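The values are calculated or read from the model by the stated rules, or taken from the named source; none is laboratory data. Not measured: the values here are computed from a predicted model. Each accessible area value is taken on the protein alone, full model and side chains, heavy atoms only, with ligands, DNA and RNA left out. Shrake-Rupley method; radii C 1.70, N 1.55, O 1.52, S 1.80 Å.
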Amino acid sequence: QVQLVESGGGLVQPGGSLKLDCAAAGSIFSINDMGWYRQAPGKQRELVAEITRSSSTNYEDSVKGRFTISRDDAKNTVYLQMNSLKPEDTAVYYCHAVVVVKDNNRMRGFWGQGTLVTVSS
(Lines give C-alpha, C1' and ligand atoms only; values in the text may rest on other atoms or scores of the structure.)
Protein backbone atom coordinates (compact mmCIF):
# COMPACT_ATOMS: atom_id res chain seq x y z
CA GLN A 1 0.00 0.00 0.00
CA VAL A 2 2.46 2.64 1.24
CA GLN A 3 6.24 2.42 1.39
CA LEU A 4 8.65 4.72 3.19
CA VAL A 5 12.21 4.70 1.89
CA GLU A 6 14.96 6.33 3.93
CA SER A 7 18.38 7.44 2.72
CA GLY A 8 21.32 9.46 3.95
CA GLY A 9 22.73 7.45 6.82
CA GLY A 10 26.39 6.63 7.20
CA LEU A 11 29.54 7.19 9.21
CA VAL A 12 30.42 10.68 10.38
CA GLN A 13 32.94 12.11 12.81
CA PRO A 14 31.80 13.83 16.01
CA GLY A 15 30.81 17.40 15.27
CA GLY A 16 29.87 16.53 11.71
CA SER A 17 26.56 16.70 9.86
CA LEU A 18 24.24 14.35 8.01
CA LYS A 19 20.89 14.79 6.32
CA LEU A 20 18.34 11.99 6.25
CA ASP A 21 15.57 11.79 3.67
CA CYS A 22 12.41 9.69 3.77
CA ALA A 23 10.16 9.49 0.74
CA ALA A 24 6.67 8.01 0.91
CA ALA A 25 5.16 6.30 -2.13
CA GLY A 26 2.11 4.23 -2.93
CA SER A 27 -1.59 4.62 -2.34
CA ILE A 28 -1.45 8.00 -0.60
CA PHE A 29 -4.39 10.38 -0.30
CA SER A 30 -2.68 12.64 2.22
CA ILE A 31 -0.01 12.54 4.92
CA ASN A 32 -0.59 13.91 8.40
CA ASP A 33 2.17 13.76 11.03
CA MET A 34 5.64 12.66 9.98
CA GLY A 35 8.52 11.89 12.28
CA TRP A 36 11.93 10.41 12.88
CA TYR A 37 12.66 7.83 15.58
CA ARG A 38 15.89 6.14 16.53
CA GLN A 39 16.95 2.95 18.23
CA ALA A 40 20.40 2.47 19.69
CA PRO A 41 21.74 -1.01 20.52
CA GLY A 42 20.13 -2.33 23.68
CA LYS A 43 17.73 0.59 23.94
CA GLN A 44 14.09 1.21 23.10
CA ARG A 45 13.02 3.13 20.03
CA GLU A 46 12.57 6.80 20.86
CA LEU A 47 11.07 9.81 19.13
CA VAL A 48 13.69 12.21 17.78
CA ALA A 49 11.54 14.79 16.01
CA GLU A 50 8.07 15.12 14.54
CA ILE A 51 6.31 17.57 12.24
CA THR A 52 2.60 18.06 11.72
CA ARG A 53 0.79 18.75 8.48
CA SER A 54 0.81 22.44 9.42
CA SER A 55 4.60 22.19 10.03
CA SER A 56 4.53 22.47 13.81
CA THR A 57 7.55 20.66 15.17
CA ASN A 58 8.57 18.84 18.34
CA TYR A 59 12.04 17.62 19.30
CA GLU A 60 13.53 15.27 21.86
CA ASP A 61 15.45 17.37 24.37
CA SER A 62 18.92 16.06 23.53
CA VAL A 63 18.65 17.08 19.86
CA LYS A 64 17.09 20.53 20.28
CA GLY A 65 19.23 23.16 18.57
CA ARG A 66 21.17 20.52 16.62
CA PHE A 67 18.57 18.70 14.51
CA THR A 68 15.96 20.21 12.20
CA ILE A 69 12.97 18.35 10.78
CA SER A 70 11.22 19.58 7.64
CA ARG A 71 8.86 18.25 5.00
CA ASP A 72 8.02 18.74 1.34
CA ASP A 73 4.43 17.69 0.77
CA ALA A 74 4.76 17.97 -3.01
CA LYS A 75 7.34 15.18 -2.81
CA ASN A 76 5.77 13.28 0.15
CA THR A 77 9.17 13.57 1.80
CA VAL A 78 10.38 14.31 5.32
CA TYR A 79 13.94 15.38 6.10
CA LEU A 80 16.14 15.40 9.19
CA GLN A 81 19.14 17.72 9.14
CA MET A 82 21.54 16.63 11.88
CA ASN A 83 24.35 18.95 12.93
CA SER A 84 26.93 18.82 15.71
CA LEU A 85 26.58 15.07 15.86
CA LYS A 86 27.71 13.22 18.98
CA PRO A 87 28.65 9.57 19.51
CA GLU A 88 25.46 9.14 21.52
CA ASP A 89 23.45 9.95 18.37
CA THR A 90 24.60 6.61 16.94
CA ALA A 91 21.52 4.55 16.17
CA VAL A 92 19.27 3.18 13.46
CA TYR A 93 16.97 6.01 12.41
CA TYR A 94 13.43 5.21 11.28
CA CYS A 95 10.91 7.50 9.66
CA HIS A 96 7.22 7.24 10.42
CA ALA A 97 4.23 8.73 8.64
CA VAL A 98 0.53 8.82 9.41
CA VAL A 99 -1.10 8.36 6.04
CA VAL A 100 -4.67 8.54 4.81
CA VAL A 101 -4.66 5.61 2.39
CA LYS A 102 -6.28 6.29 -0.97
CA ASP A 103 -7.89 2.89 -1.34
CA ASN A 104 -10.11 3.11 1.73
CA ASN A 105 -9.63 6.65 3.13
CA ARG A 106 -8.43 5.15 6.42
CA MET A 107 -5.59 6.57 8.47
CA ARG A 108 -2.64 4.29 9.23
CA GLY A 109 0.90 4.60 10.49
CA PHE A 110 3.77 3.33 8.34
CA TRP A 111 7.45 2.79 9.11
CA GLY A 112 10.54 2.95 6.97
CA GLN A 113 13.13 0.19 7.00
CA GLY A 114 15.68 2.21 8.95
CA THR A 115 19.04 3.75 8.14
CA LEU A 116 22.15 3.45 10.29
CA VAL A 117 23.89 6.57 11.57
CA THR A 118 27.27 6.02 13.20
CA VAL A 119 29.09 8.89 14.88
CA SER A 120 32.67 7.93 15.58
CA SER A 121 36.22 9.13 15.14
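Remarks
- Solvent-accessible area per residue, Å², over the chain with all protein chains present [probe radius 1.4 Å]: 53 Å²
- For the chain, the carbon plus sulfur part of the accessible surface works out to 46%, probe radius 1.4 Å.
- Whole-Å distance, taken between Cα centres, linking segment 78-100 and segment 22-42: 10 Å
- 3J(HN,Hα) couplings calculated from phi for segment 28-33 with the Karplus curve 6.51 cos²θ - 1.76 cosθ + 1.60 (θ = phi - 60°) are, in sequence order, 10, 8, 7, 10, 8, 5 Hz; Gly and Pro show x.
- ³J(HN,Hα), Karplus 6.51/-1.76/1.60, whole Hz, each residue of segment 94-106, x for Gly, Pro: 10, 9, 9, 9, 9, 10, 8, 7, 5, 4, 10, 6, 9
- When the convex hull of its Cα atoms is viewed from all sides, the chain shows a mean projected area of 7.0 nm².
- Surface accessible to a 1.4 Å probe, Thr68 within the full protein complex, Å²: 70 Å²
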